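Input: a single structure, listed below in structure tokens.
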């Protein structure tokens, strides 16, 4: 242990700890009625009780969108990373191009691609009524695809970095020792990239869970994902909805923490991590 | 199996689908940015032109660009050195409670930024902190996990031998820092700064909630057009302009990575 090392970590540690504690702490206090904009503070779970139905629906919807987007992101991302190992890096390069695209702009361009007057509808020559409701439809398809699009590139880059450093050498050794392609993928490649995939998927999942603008632009009015619900209540002219907005934010943060706990349990079971 | 992805027809088809998956969604903004008239169901615009670009410029795009660039640069200027120092401390292995410190430093990756911003909004109003400052603070915190991680990996691969050799040959501490340390870490530092810049450049929700309408960045401007209908060409022109500067930066960063 050294005090100098402790000192070096402070410029990062202090702002992170302060902002997170202040932000989430204030959200928690607001949701419990302890930080009212007007009137005396009073401990109450009213904000959670009044809105339980909406909160539950929104939580289920947010979890479903995040799960679907992350599953597609993992499959596409890992496949992209595997193609890059062979030296044909064009797909990975194409994925890298999407990294600087803000989600808001991703949502805008997905809308122009997938809406019923979008580029694909024009391409397939389907007139109004013939094109499925991808944008604003029942299944949140455009929303899921936008997240999956950006997440798959992120996951591909993370996994490709791991593959480049360690896995290629092990894969060669296993091949020399006579392991079949299928056996190598199952016994060498997948176990080695597993921690990176789980970590990248968890970050993607929690990001999607807490993301606002994509669902706002490409989703439907009701039901709302948690962040959309929270920010609508938060920016409402009625000040009484502020605690409910904070409650939705707290629920989102708790779900994100639960997802991370689940991911850590998955990693503990993985042999490589130990 | 990996080799199979390279050689076979299936492998080729998989790669083609992947390239399409990543690039196809970018095509609409490329076309719409230069479309003056593009009625449905025409496959291509009826009339090409720069109406979208002009409307964007009239709507305050130059100002929004200055704001976004300032946000990105401020976040990079704060989060890169902070992350580098933290990474050095983590790499030294002499930190008390390293697991706890790592958990705190990486927590912004998983905790929803909107929830933090929503909670902070009231505090910012009550304490009278200027909102642009508060936005930069929250976004720097959001960027610190990325810079710390990248620098942590770089320090892991960093060979202390170069530093010791220079010292043995009589170089001062300052010379070692400028001539050995920073050049060796330059690729990682520029990569970290780029990611931190992106956090500031691409953010929407933190700027929206804490900026309180006073910080009009490019995403805020794009959102104000995207919410309505009939603005496709403005949205596309602004979007293109928002994506091109970081892409140029990305190429520069990739160059630094290769040349050193």
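Computed from the coordinates by the stated procedures, all read-outs in this text should not be read as laboratory data. The structure displayed is predicted, hence computed values, not measured ones. Here the Cβ positions follow ideal geometry from the backbone for every residue, glycine too, while neighbour counts run over all protein chains shown.
Which of rounded, prolate, oblate describes chain B, given a ≥ b ≥ c as roots of the alpha-carbon gyration tensor eigenvalues and a/c under 1.5 marking rounded, otherwise prolate only if a/b is larger than b/c? Numbers along the way, then the final one.
Details: a/c = 2.13, a/b = 1.39, b/c = 1.52.
Cα axes put chain B in the oblate bin.
Going by average Cβ neighbours within 10 Å, how do the peptides A:147-158, B:103-114 rank, with the highest at the top?
On the way: A:147-158: 25.3, B:103-114: 21.7.
Output ranking for A:147-158, B:103-114: A:147-158, B:103-114.
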Q: Using all C-alpha to C-alpha distances in chain A, build P(r) with 5 Å bins and read off the rounded percent in each one.
A: 1, 5, 10, 12, 13, 14, 13, 11, 9, 6, 3, 2, 1, 0, 0, 0
(Q) Of the candidates B:15, B:94, B:37, which one comes out as most mobile in a Gaussian network treatment of chain B with C-alpha springs shorter than 10 Å? (A) B:15
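Report the gain in length on full extension from residue B:8 to residue B:23: 0.36 nm times residue separation, minus Cα-Cα distance, nm rounded to one decimal.
Additional length available on full extension: 3.1 nm.
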Q. Ranking A:206, A:79 by Cβ neighbours within 10 Å, fewest first, what do you get?
A. A:79, A:206
Q.
Using Cβ counts within 10 Å as a stand-in for footprinting exposure, how do B:177, A:226, B:209 rank, fewest first?
A. B:177, B:209, A:226
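Per-residue mean of other chain beta-carbon atoms within 10 angstrom of the beta-carbon, peptide A:248-254? Let's see the in-between values first.
On the way: counts 3, 7, 4, 1, 5, 7, 1.
For peptide A:248-254, the averaged partner shielding equals 4.
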**Q.** Mean Cβ neighbour count within 10 Å, used as a protection proxy, ranking A:213-220, B:158-165, B:194-201, A:164-171 highest first
**A.** B:194-201, A:213-220, A:164-171, B:158-165
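Using Cα-Cα distances under 8 Å and only pairs 6 or more residues apart, what relative contact order does chain B have, in percent?
30 percent
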Q: Ignore the peptide's own chain and count Cβ atoms of other chains within 10 Å of each Cβ in A:72-84; give me the average, rounded.
A: 3
**Q.** Shielding by other protein chains, A:43-56, mean Cβ within 10 Å
**A.** 0
(Q) To make sure I understand, if each residue's beta carbon is the centre and we count other beta carbons within 10 Å, what order do B:123, A:145 fall in, fewest to most? (A) B:123, A:145
Q: Note the angle between two axes, namely the Cα long axis of helix A:52-85 and the longest principal axis of the Cα atoms of chain A, as a number of degrees from 0 to 90, rounded to the nearest 10.
A: 20 degrees
Q. Given the rule -39500 (n - 2.57) for each run of at least 4 DSSP H residues, summed and divided by the residues of chain B, what is its mean residue ellipticity at 222 nm, to the nearest 500 deg cm²/dmol?
A. -24500 deg cm²/dmol
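Output the relative contact order of the range B:84-159, whole-number percent, from Cα pairs under 8 angstrom with separation of 6+ residues.
It rounds to 60 percent for the range B:84-159.
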Q.
Running a GNM on chain A with Cα contacts under 10 Å, which residue among A:12, A:59, A:121 ends up with the highest mean-square fluctuation?
A. A:12
Q.
If you fit an axis through the alpha-carbon atoms of helix A:103-114 and take the longest principal axis of the Cα set of chain A, what angle between them do you get, 0 to 90°, nearest 10?
A. 80 degrees
Q. With springs only between Cα atoms under 10 Å, which of B:211, B:52, B:156 fluctuates most in a Gaussian network model of chain B?
A. B:156
Q | Average Cα contact separation per residue, chain A, under 8 Å, 6 or more apart, as relative contact order % | A | 26 percent
